[in-house]
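Worksheet: one structure, shown below.
The values are calculated or read from the model by the stated rules, or taken from the named source; none is laboratory data. Small disclaimer: the values here were computed from a predicted structure and weren't measured. Neighbour counts are summed over all protein chains in view; Cβ atoms, including those assigned to glycine, are modelled from backbone coordinates with ideal geometry. SASA here: full protein model, heavy atoms, side chains in, ligands and nucleic acids out. Shrake-Rupley method; radii C 1.70, N 1.55, O 1.52, S 1.80 Å.
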Amino acid sequence: MRFGLCGLMHITSGRRRRSLDSKLDKLDDWRRTHYSSDLSPQLDGKESVVFGWIASIRHQGNITFIILADKDGFMQITVKRDEVGEEFYEKVQRLGAHTSIGVKGVLRAISKAPNGVEMLPKEIKILSFATLNPPTSLYGRRLPSVDKRLEIRAVDLRRPAAQAVFKIRQEALKALRAHLIENGYHEVHTPKIISSATEGGAALFPLLYYNKEAFLTQSPQLYKEQLVMAFEKVFEIGPAFRAEQSRTLTHLSEFISVDVEEAYVDYRDSMNRLESMIREVVKEVSERCVNELKTLGYCLEMPQEFKRYSYDEVLDILSGLGYKLDWGEDLGSTHLSVLAEVNPSFYFIVDWPAQTKPFYIAPKDKYSKLSESFDLMFGSLEIASGGTRVSSRRLLEKRLKEKGLNPKSFTYHLKVFDYGMPPHSGFGLGFERLLMILTGQSNIRDVTYFPRDQRHLTP
Ligand code: ATP
Ligand code: MG
């Protein structure tokens, strides 16, 4: 379905705006009886009240077809001049796309209309005129750049593809939460204003906390570890903030992190949990979002297993393909693109050199340079990182120093370890990254309501 913006008025003066306001109707006691998704031919002959914004309006002789959109989809209002009378018909001629209206009328089954039903109106209320054209044609065939669309994001989100993405976001969130709660995890909320870094200092956003320097949290890592002492299995779905130095398609300055932590398990259990959680989310989304996936023209194939390659194996694969990497170095974007050709779907990279991982990740054993760690990948995109955590205070202090961090800044955390910190393991998953995969979007901004990055502090 394509929509035009016909009938939209251009820049409006204050006087014109006041005069338009005086033409608006009041909601009064009108209340919706049906959303577009409730409509079906079985309702033929029923009275109905619908609300929404005009997606398109087309005049054909003495008939005007309004395609009305609401949060669930579209419906057709067929205005026949000889049935509604002159005053009503005149009112309809003033309407343009994005105008917000309410319509009372009778439903009639008709195969050509959306949901197999049209409304023959009896009364109409104009509730808000759209007095401006959006800066770009939102419903045209060519999608304007994300930056352009973000200028008026609230309207951009009316695009059917955007609606589909965010409905999938909602279902994915529900499925994640349900999976974790059903498996005995306790949902927690940790502070977002913190006193010290967890993931390395450079990417922190500083702020003034009364008369002290504080930071926005990069992850709930240390607090979720502390919480396993009392609750054993915890999770949090909440914002994390990172002052990313480069602008990419996969990084935001504020993203939603899905964090899971559990006592008396190690990184193999965390990988199993992560894999079953992802499988569950994919299953739920594919069952519950059939129409949305159709709108996006996208279908995610799941692999039989999430393969586990060790870091050393990855180095061998890369070297076999002519890409050399010194042991201990992190994988760069070229290496990741090569790996995506070898495995374009979900897979784990495990047993990373300890030097590439944060201080709280446990070494494999006392003298090993390897760590009990993993990244979950989808092709070249990292979705989650996790591992067995250090649970000894002495080792944690040593690791902090090795990473150039001052243990004194972490006293509030370290002292907890004196009271019997159990062995524990967990992971952090980037919710928007997972959504990119669930919806087939290549820019993380397209799965985020109001993305924050170096260029966007508004809207
Ligand atoms: P990357 O190497 O991709 O920058 P990272 O290894 O620094 O990620 P982690 O500290 O491991 O990130 O964070 C856990 C997860 O959070 C990542 O696997 C990713 O899915 C997500 N994530 C991290 N940084 C961002 C960001 N700036 N925007 C969106 N998601 C992010
Ligand atoms: Mg990582």
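Once you compute Rg and the Kirkwood Rh from C-alpha atoms, what is the Rg to Rh ratio for the stretch 120-246? Radius of gyration over Kirkwood radius for the stretch 120-246 works out to 1.13.
Here the sum of -39500 (n - 2.57) over DSSP H runs of 4 or more residues, divided by the residues of the chain, equals -8500 deg cm²/dmol at 222 nm, to the nearest 500.
Residue 395: net charge of surrounding residues, Cβ under 12 Å, Lys/Arg +1, Asp/Glu -1, itself excluded? Summing Lys and Arg as +1 and Asp and Glu as -1 gives +4. Within the shell defined by Cβ-Cβ distances under 13 Å, the residues around residue 190 carry a net charge of -3, with Lys and Arg each +1 and Asp and Glu each -1. Between residue 205 and residue 368, the modelled label-to-label distance comes to 3.7 nm, taking each label 7 Å out from Cα in the direction of the beta carbon.
For the chain, which DSSP H helices look membrane-span-like by this rule: Cα extent along the axis of 30 Å or more and mean Kyte-Doolittle of at least 0.0?
For the chain, where a helix must reach 30 Å along its axis and average at least 0.0, the hits are 160-182.
Normalised per residue, the accessible area of the chain is 49 Å², obtained with a 1.4 Å probe and no contribution from ligands, DNA or RNA.
The listed peptides 411-421, 91-101, 123-133, ordered by packing as a protection proxy, come out as 91-101, 123-133, 411-421 (highest mean of other Cβ atoms within 10 Å first). What a 1.4 Å probe finds exposed on the chain is 51% carbon and sulfur by accessible area, rounded to a whole percent.
Annotation: extensible slack from residue 152 through residue 128 equals 6.9 nm (criterion: 0.36 nm per residue apart, minus Cα-Cα distance). Against the criterion of solvent-accessible heavy-atom surface with a 1.4 angstrom probe, 262, 83 sort, most first, into 83, 262. Taking every DSSP beta bridge that has both ends in the chain, the antiparallel portion is near 90%.
Which of the chymotrypsin sites (Phe, Trp or Tyr not before Pro) found in the stretch 263-305 are loop residues per DSSP with 12 or fewer other Cβ atoms within 10 Å of their Cβ? Before the final figure, lay out the partial values.
Working: sites: 264, 267, 298; in loops: 264, 298.
Counting only loop positions with at most 12 other Cβ atoms within 10 Å, the chymotrypsin sites (Phe, Trp or Tyr not before Pro) in the stretch 263-305 are 264.
Given a cut-off of 36 Å, what percent of all Cα-Cα pairs of the stretch 154-447 lie beyond it?
In whole percent, the long-distance tail amounts to 16.
Taking 7 Å steps out from each Cα toward its Cβ at residue 302 and residue 443 produces label points 3.1 nm apart.
For residue 110 and residue 60, the difference between the fully extended length at 0.36 nm per residue and the C-alpha to C-alpha distance is 16.2 nm. Potential lengthening of the chain between residue 334 and residue 29 amounts to 103.7 nm, from the contour at 0.36 nm per residue minus the alpha-carbon distance.
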